[in-house]
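Single-structure report; data block below.
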Amino acid sequence: MLIPLTRGAESLSRQVYLWIRHGIMERALRPGEELPSTRELAEQNSISRTVVVQAYDQLIAEGFITGRRGSGTYVSEHLHPSPTPTPRRSAQVRLSQFGTAVTSIVRGGLSPIRVPQALRYDFAYGRCSLDEFPLAAWRRILLRRTRSAPLRSFDYGAAAGNPVLREAITGHLRRSRAIHCDVSQVVIVNGSQQALDLTIRLLLNPGDTIAVEDPQYHGMRQVLLAARLRVRPVPVDHDGIDLRQMPQQARLALVTPSHQFPTGAVLPLQRRLALLAWARRANAVIVEDDYDGEFRYEGEPVEPLQSLDRDGRVLYVGTFSRTMFPALRIGYVVAPRPLVSAFVAAKWIADRHTAVLEQETLAEFIASGAYERHLRRTRRTNAKLRDTLLSAVERHLGDRVTITGSRSGTHIVLWPCAKVSEAAIIAQAAAVGVGIYGIAGYYLRRPPRPGFLLGYANLTVAQISEGIQRLGEVL
């Protein structure tokens, strides 16, 4: 608590008294808030303790503060100053174009609308089951790392990320996703959202054309709007992005080929090769967002675009938020070699580096085999939940709906065959305790028909069965 004191004016104790009294009256110091001890306040302001004692005594006498023996000094709990705080006139500071853009985005909402009330059968998507995660093992590693960490672990870290974690990610990608890359190509970021933000800022200027899937992820759209790009939506069909409608002038394409978000379509090999050919012709870059490529249940696995790329045009983005837990804001970019130094520089300028101890913990978690064991358990659990969901849909909804997105990921999309109102169905389902989510808000253009996203990773078998039965009654 630094107090602006002036020598030669009123006495120092009077100035301390007036400053604290003003803070209480203006509600900058809240009722019940603890004040520094007289010794602490004297040391902080380089004055005599006697000065502070005199000021505190006066404030106590007037009822502004109270002293509790053995506890400290506090702003009076039941103090209600009669004068209301004088409203301050804020300066009208002009925002940049970026500031104006992000402010308008905030007004429109930062994330997809969730059901406001807690529902018993909430088919929320984009969630992982925290019950499946081996939290005890994670805590043990984190605690051990914290206790035994050398001093350098508490200093600034490498902008590209912890070398051991980058090595662990490289090995996992080789085993799990058939991605062959050098450790130097892996850059650690704070989730896939930061990876996208850095990519846009590094490769595009305001007014440049970018091709995006339509529909697409909300967070992606918000980054593009803030960057003031010319967004060219490309329709998505049952096999993913429709390459016949790709713009030839686009400098970059954003795709989710393993499980298109939100429709769930899986881009077949023929289209993947055609997309790479388009990038070659257009001299463009492809960002491959593999947000839940770890979860596949049917058919032969299709190689990621990064594995098929022979020109160094694909930026592969991955995240641990979906496979582990959302609060772990660790993701990564596998960048073509010519772009690595630019990504490292951009990461350093953005926030220096990702949290060091969490990186070290994750590196050990992967190297010990705990991460891949967790993935195997989660895949088995998700497969069981998915089978339950599909069976329940067939039993209770039958031919009234069609399904996309069931081969991989952790959500499906229900497309009603009859003409319905998304908002009406969502409201009626919520009335019987079922949470479902409309797909219309993900389209940049007019959606072709109503649809509903249903996530299943965070529900039980019983909840899925009962929830779909109730949804069937609504439909």
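You will find that of ALA55, ALA28, ALA91, ALA61, the residue that is small (Gly, Ala, Ser) and either touching a residue at least 24 places away in the same chain (Cβ under 8 Å) or surrounded by 12 or more Cβ atoms within 10 Å (Cβ to Cβ) (or both) is ALA55 and no other.
Every condition in (1) assigned to a helix (DSSP H, G or I); (2) modelled with pLDDT of 95 or more; (3) among the aliphatic types (A, V, I, L, M); (4) under 22 Å from the mean Cα position of the chain (by Cα) holds for ILE141 except the one numbered (4). Would you tally the residues in the stretch 366-425 being of a type in the set (D, E, K, R) and touching a strand residue (DSSP E or B) at 6+ places or on another chain (Cβ under 6 Å)? Summing the residues that are of a type in the set (D, E, K, R) and touching a strand residue (DSSP E or B) at 6+ places or on another chain (Cβ under 6 Å) in the stretch 366-425 gives 1.
Any residue at all in the stretch 239-252 that's more than 18 Å from VAL285 (Cα to Cα), surrounded by fewer than 21 Cβ atoms within 10 Å (Cβ to Cβ) and touching a residue at least 12 places away in the same chain (Cβ under 8 Å)? Within the stretch 239-252, one or more residues are more than 18 Å from VAL285 (Cα to Cα), surrounded by fewer than 21 Cβ atoms within 10 Å (Cβ to Cβ) and touching a residue at least 12 places away in the same chain (Cβ under 8 Å). Taking the numbered list (1) modelled with pLDDT under 95; (2) surrounded by 17 or more Cβ atoms within 10 Å (Cβ to Cβ); (3) within 21 Å of the chain's Cα centre (by Cα); (4) hydrophobic (A, V, I, L, M, F, W, C) in turn, VAL302 passes all entries but (3).
For the stretch 252-299, residues that are more than 24 Å from the chain's Cα centre (by Cα) and either closer than 24 Å to ARG376 by Cβ or among the small types (Gly, Ala, Ser) (or both) total 8. Every listed requirement among (1) more than 16 Å from ALA195 (Cα to Cα); (2) crowded, with 21+ Cβ neighbours inside 10 Å; (3) touching a Lys or Arg at 6+ places or on another chain (Cβ under 9 Å) is met by TYR297 save one, (2).
The C-beta contact set for the stretch 203-229 (first residue without any contact (Cβ under 8 Å) to a residue 24 or more places away in the chain and among the small types (Gly, Ala, Ser), second residue surrounded by fewer than 17 Cβ atoms within 10 Å (Cβ to Cβ) and in a strand (DSSP E or B), distance under 7 angstrom, 6+ apart or interchain) comprises GLY207/ARG230. When GLY207, GLY171 are screened for being on the phi > 0 side of the Ramachandran plot and assigned by TED's automatic domain parsing to the domain that holds ARG145, only GLY207 passes. Of the residues VAL234, VAL164, the single one that is at pLDDT 95 or above and surrounded by fewer than 18 Cβ atoms within 10 Å (Cβ to Cβ) is VAL164.
If ALA363 satisfies all but one of (1) over 24 Å from the mean Cα position of the chain (by Cα); (2) crowded, with 17+ Cβ neighbours inside 10 Å; (3) among the small types (Gly, Ala, Ser), what's the number of the condition it fails? Result: ALA363 fails condition (1) only. If ARG322 passes every condition in (1) of a type in the set (Lys, Arg); (2) part of a loop (DSSP other than H, G, I, E, B); (3) out of contact with any Cys (no Cβ under 7 Å at 6 or more places or on another chain) but one, which one does it miss? Failed condition: (3).
The values are calculated or read from the model by the stated rules, or taken from the named source; none is laboratory data. Here the structure is a predicted model, which is why all the values come from computation and not from measurement. Glycine also receives a Cβ, built like all others from the backbone with ideal geometry; neighbour counts cover every protein chain displayed.
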